[in-house]
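The values are calculated or read from the model by the stated rules, or taken from the named source; none is laboratory data. Predicted model only: the values in this text are computed from it and were never measured. For neighbour counting, all protein chains shown are included, and Cβ atoms are generated from backbone atoms with ideal geometry for every residue, glycine included.
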C-alpha cells in the first residue's frame with residue numbers, strides 16, 4: 001500500500017478544517033494561508049458540557065514539521081489549562097502522557113488530536129480539575 005505524501009495529507013486536513021467537516025466542538029486551520037509548507041496551525045476546542053471546561057474556548061498551536069505524519073504534531077495549549085497530559089509551565093501536550101500522541105498512527109491527524117484532547121477534558125478523572133482563570137494564556 002502506498003503512503004499519501006505529507007502535503008496531500010495536510011491539504012486534505014486543511015480542506016476538512018476550512019469547510020467545517022470536522023466535529024462542531026473543534027476547529028483548526030493554518031495560521032498563515034500563504035504557508036506553502038503547511039507547518040503552523042491554530043486549533044480550538046470548545047469545553048465539553050457538564051465539566052469545569054463547559055462554555056470555555058481553548059486555543060492551541062499545532063506544528064506539523066517535516067516528520068509529520070510519520071510522527072505526531074507538536075501540540076501546545078495557548079489558553080491555560082490544567083490536565084495531567086499538559087505541561088503546566090508552557091502548555092505543551094506531553095507525548096508520554098497523552099496516548100494519542102504516544103501511540104501515534106499515520107492515519108491520525110489534527111482532528112483526531114483535538115477530539116481526543118476534548119475527550120481527555122471530559123473524562124471522569126479530569127472534568128472537575130480546578131482550572132486557571134478563564135482567558136489566561138501561557
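Test residue 44 against the stated conditions and say whether it is touching a helix residue (DSSP H, G or I) at 6+ places or on another chain (Cβ under 9 Å), surrounded by fewer than 20 Cβ atoms within 10 Å (Cβ to Cβ), modelled with pLDDT of 95 or more and not in a loop (DSSP other than H, G, I, E, B). It is true that residue 44 is touching a helix residue (DSSP H, G or I) at 6+ places or on another chain (Cβ under 9 Å), surrounded by fewer than 20 Cβ atoms within 10 Å (Cβ to Cβ), modelled with pLDDT of 95 or more and not in a loop (DSSP other than H, G, I, E, B).
Of all residues in region 53-64, those being closer than 13 Å to residue 13 by Cβ and not in a loop (DSSP other than H, G, I, E, B) number 1. Does residue 34 satisfy being assigned to a loop (DSSP other than H, G, I, E, B), modelled with pLDDT under 95 and either closer than 24 Å to residue 87 by Cβ or more than 11 Å from the chain's Cα centre (by Cα) (or both)? Judged against the criteria, residue 34 is a match.
In region 113-138, of all residues being in a helix (DSSP H, G or I) and out of contact with any helix residue (DSSP H, G or I) (no Cβ under 7 Å at 6 or more places or on another chain), the one that is surrounded by the fewest Cβ atoms within 10 Å (Cβ to Cβ) corresponds to 119.
Taken together, the residues in region 76-94 that are touching a strand residue (DSSP E or B) at 6+ places or on another chain (Cβ under 9 Å) and without any contact (Cβ under 8 Å) to a residue 40 or more places away in the chain amount to 6. The single residue among 29, 17 that is within 16 Å of the chain's Cα centre (by Cα) and either under 13 Å from residue 113 (Cβ atoms) or touching a residue at least 40 places away in the same chain (Cβ under 8 Å) (or both) turns out to be 17. Out of all the residues in region 97-136, which are in contact (Cβ under 8 Å) with a residue 40 or more places away in the chain, within 16 Å of the chain's Cα centre (by Cα) and more than 13 Å from residue 25 (Cα to Cα)? Passing the criteria: 106, 109, 110.
Yes/no matrix, rows are residues, columns are (1) touching a helix residue (DSSP H, G or I) at 6+ places or on another chain (Cβ under 8 Å); (2) surrounded by 20 or more Cβ atoms within 10 Å (Cβ to Cβ); (3) in a helix (DSSP H, G or I):
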{"site": "51", "(1), (2), (3)": "yes, no, no"}
{"site": "66", "(1), (2), (3)": "yes, no, no"}
{"site": "69", "(1), (2), (3)": "yes, yes, no"}
{"site": "72", "(1), (2), (3)": "yes, yes, no"}
{"site": "82", "(1), (2), (3)": "no, no, no"}
{"site": "88", "(1), (2), (3)": "no, no, no"}
{"site": "101", "(1), (2), (3)": "yes, yes, yes"}
{"site": "107", "(1), (2), (3)": "no, no, no"}
{"site": "111", "(1), (2), (3)": "yes, no, yes"}
